[in-house]
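Visitor: Pasting in a structure now, in structure tokens, and then I'll have a few things to ask.
The values are calculated or read from the model by the stated rules, or taken from the named source; none is laboratory data. No experiment lies behind these values; they were computed from the predicted model shown. Because the Cβ atoms are built from the backbone with ideal geometry, glycine has one as well, and the counts that use them run over all protein chains shown. Protein only, heavy atoms only, side chains kept; ligands, DNA and RNA dropped before computing areas. Shrake-Rupley method; radii C 1.70, N 1.55, O 1.52, S 1.80 Å.
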Amino acid sequence: MDTLVMKEEQGQVVYEKSGAILREGGLVAFPTETVYGLGGNALDKSASQKIYTAKGRPSDNPLIVHICNEEMMLPLVAYIPEKAKLLMDSFWPGPLTLIFKKTEFVPYETTGGLDTVAIRFPSHICARKIIECAGVPIAAPSANVSGRPSPTMADHVVEDMNGRIDMIVDGGSVGIGVESTIVDVSGELPMILRPGSITKEMIEQVIGSVKMDEAITKKVSDTVAPKAPGMKYRHYAPKAPLTIVSGNEELVASKILDIIKEKKEENQMVGIICTNQTKSFYTEKKDDLNNMVIKVIGDKQDSKQIAHNLYHVLRAFDSENVSIIVSEHISTGILKDAIENRLMKAAGHKIIYV
């Protein structure tokens, strides 16, 4: 049976319908300011298990609990460190997730077996209204099949989740396009576990020095329990294998063109991810090398635009007949850490240096 899809513009009727489904243990996908989330009652063990099943997600990968006011989190966390309070005052509601020591009130099925709980207070009005109508905190990872690029439009959610969940709220295209920044405040020194639009520099302006977890840039061992979503498993990946090419701009383009030539001999199409500034390297060769599909991710100097377009571009290749995808290494702008992290995870850390 197809999943019910309702437009956010229908307002209160949508919020109340979503809230009722969530209270009864069902699953609802809805927009946030980052990506679409797949919501279930965070305090209901079976609802959390349904989320893992719908996504095909490993059960040791913790879920982020979404709230609609700070009072809602009080029964969920053992204590709130002073630095966490400063971050909450500065960035909530917004795209920041904080990890606290949990109380017994939060089931281990929601936290992936961990004694910590990840909490986020979204700024998106639709998300907050739905949580308010549900009357319970909502566990909401990204509303995609595990490992796939996160959904930034309702169509992406329908593609992955139709028939798997009870309802999808269509709120159009999201604003930011990459998931929230995750900061672990459960230990002595706060640590960034996932970069996002709240950057390290922004955080340090509020609380001073923070560490970056090495899993942001390195592949994590299979024996390690992930402390936050996206740390351990392959994520954000299109159907065709992705490789990143890093180095001088012209050398990168030359290497990518060499790959296209090799694949032409094998009668294979190649997907290219480039910027406005580098597109001409490939379009100039289009007549000779007609086995490429070019996707421009945005302006090299506008990292917010690139972050907004990233998952849409990765998903767009799924409808093209490409055997592989090759992306330029994009490392500029305020959101470069978030963009690099997502591309490296999508590529399974496969990178060519030139």
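Visitor: Take the residues of region 290-329 that are open to solvent by less than 40 Å² (accessible area, probe 1.4 Å), in contact with a Leu (Cβ under 7 Å, 6 or more places away or on another chain) and of a type outside the set (S, T, Y): which is farthest from H156 (Cα to Cα)?
Guide: Checked region 290-329; the qualifying residue farthest from H156 (Cα to Cα) is I325.
Visitor: If only one of K85, K50 is modelled with pLDDT of 95 or more, out of contact with any Pro (no Cβ under 9 Å at 6 or more places or on another chain) and farther than 16 Å from G25 by Cα, which one is it?
Guide: Values: K50 fails: farther than 16 Å from G25 by Cα.
After applying the criteria, what remains is K85.
Visitor: Please name all residue pairs, on different chains or six or more residues apart, with Cβ atoms under 9 Å, provided the first residue is in region 131-155 and is open to solvent by 10 Å² or more (accessible area, probe 1.4 Å) and the second residue is of a type in the set (D, E) and part of a strand (DSSP E or B).
Guide: M153/D170; D155/D170
Visitor: While we're on this one: Exactly one condition in (1) under 16 Å from the mean Cα position of the chain (by Cα); (2) buried (at least 20 other Cβ atoms within 10 Å of the Cβ) is not met by I99; state its number.
Guide: (1)
Visitor: What number of residues within region 266-278 satisfy the criterion of being surrounded by fewer than 16 Cβ atoms within 10 Å (Cβ to Cβ) and either part of a helix (DSSP H, G or I) or touching a Gly at 6+ places or on another chain (Cβ under 8 Å) (or both)?
Guide: 1
Visitor: Condition test on V326, is it in contact (Cβ under 8 Å) with a residue 60 or more places away in the chain, assigned to a loop (DSSP other than H, G, I, E, B) and either under 16 Å from P238 (Cβ atoms) or touching an Asp or Glu at 6+ places or on another chain (Cβ under 7 Å) (or both)? I'd like the intermediate steps shown before the answer.
Guide: On the way: in contact (Cβ under 8 Å) with a residue 60 or more places away in the chain: yes; assigned to a loop (DSSP other than H, G, I, E, B): no; either under 16 Å from P238 (Cβ atoms) or touching an Asp or Glu at 6+ places or on another chain (Cβ under 7 Å) (or both): yes.
For V326, the condition - in contact (Cβ under 8 Å) with a residue 60 or more places away in the chain, assigned to a loop (DSSP other than H, G, I, E, B) and either under 16 Å from P238 (Cβ atoms) or touching an Asp or Glu at 6+ places or on another chain (Cβ under 7 Å) (or both) - is not met.
Visitor: Moving to a separate point now. Here's a check for you: in region 61-96, which residue that is under 28 Å from G147 (Cβ atoms) and of a type in the set (V, I, T) is surrounded by the most Cβ atoms within 10 Å (Cβ to Cβ)?
Guide: The qualifying residue surrounded by the most Cβ atoms within 10 Å (Cβ to Cβ) is V65.
Visitor: Mind checking which pairs have a first residue in region 293-322 that is in contact (Cβ under 8 Å) with a residue 60 or more places away in the chain and within 22 Å of I260 (Cβ to Cβ) and a second that is open to solvent by 40 Å² or more (accessible area, probe 1.4 Å) and not charged (D, E, K, R), Cβ under 6 Å, 6 or more apart or different chains?
Guide: V322/M269
Visitor: All but one of (1) open to solvent by less than 30 Å² (accessible area, probe 1.4 Å); (2) within 18 Å of the chain's Cα centre (by Cα) hold for P58; which doesn't?
Guide: (1)
Visitor: Among the residues of region 33-48, how many are farther than 27 Å from D155 by Cβ and not hydroxyl-bearing (S, T, Y)? Break it down stepwise before answering.
Guide: Initially, region 33-48 is screened for residues farther than 27 Å from D155 by Cβ, giving 43-46.
Within this subset, residues satisfying the condition of being not hydroxyl-bearing (S, T, Y) are 43-45.
Total meeting the criteria: 3.
Visitor: How about region 328-354: which of its residues are in contact with a Gly (Cβ under 7 Å, 6 or more places away or on another chain) and farther than 10 Å from A307 by Cα?
Guide: The first filter runs over region 328-354 and keeps only residues in contact with a Gly (Cβ under 7 Å, 6 or more places away or on another chain), leaving 338, 345, 353-354.
Of everything in region 328-354, those that are in contact with a Gly (Cβ under 7 Å, 6 or more places away or on another chain) and farther than 10 Å from A307 by Cα turn out to be K345, Y353, V354.
Visitor: Name the strands (runs of 3 or more DSSP E) wholly inside region 1-83 in which the number of residues that are within 18 Å of G135 (Cβ to Cβ) and in contact (Cβ under 8 Å) with a residue 60 or more places away in the chain is 3 or more.
Guide: Of the strands (runs of 3 or more DSSP E) lying wholly inside region 1-83, those with at least 3 residues that are within 18 Å of G135 (Cβ to Cβ) and in contact (Cβ under 8 Å) with a residue 60 or more places away in the chain span 36-41.
Visitor: Looking only at region 89-129, which residues are more than 24 Å from Q12 (Cα to Cα) and out of contact with any strand residue (DSSP E or B) (no Cβ under 7 Å at 6 or more places or on another chain)?
Guide: Scanning region 89-129 gives D89, S90, F91, E104, F105, P107, Y108, E109, G112, G113, L114.
Visitor: Related question: Would you please name the residue that is surrounded by the fewest Cβ atoms within 10 Å (Cβ to Cβ), looking only at residues in region 178-194 that are more than 11 Å from P81 (Cβ to Cβ) and among the charged types (D, E, K, R)?
Guide: My answer is R194.
Visitor: Are there any pairs with C-beta distances below 7 angstrom linking a residue in region 95-113 that is under 18 Å from N41 (Cβ atoms) to a residue that is assigned to a strand (DSSP E or B) and not β-branched (V, I, T), with the two at least 6 apart or on different chains, and if so which?
Guide: T110/A139; T111/K102
Visitor: For N290, which of the numbered conditions (1) at pLDDT below 95; (2) part of a helix (DSSP H, G or I) fails to hold?
Guide: (2)
Visitor: Within region 238-265, restricting attention to residues that are in a loop (DSSP other than H, G, I, E, B) and out of contact with any Leu (no Cβ under 6 Å at 6 or more places or on another chain), which residue is least open to solvent (accessible area, probe 1.4 Å)?
Guide: Pass one, region 238-265, residues in a loop (DSSP other than H, G, I, E, B): 238-241, 247-248.
Now restrict to residues that are out of contact with any Leu (no Cβ under 6 Å at 6 or more places or on another chain): 239-241, 247-248.
On the way: K239: 146, A240: 13, P241: 72, G247: 44, N248: 87 Å².
The residue in question is A240.
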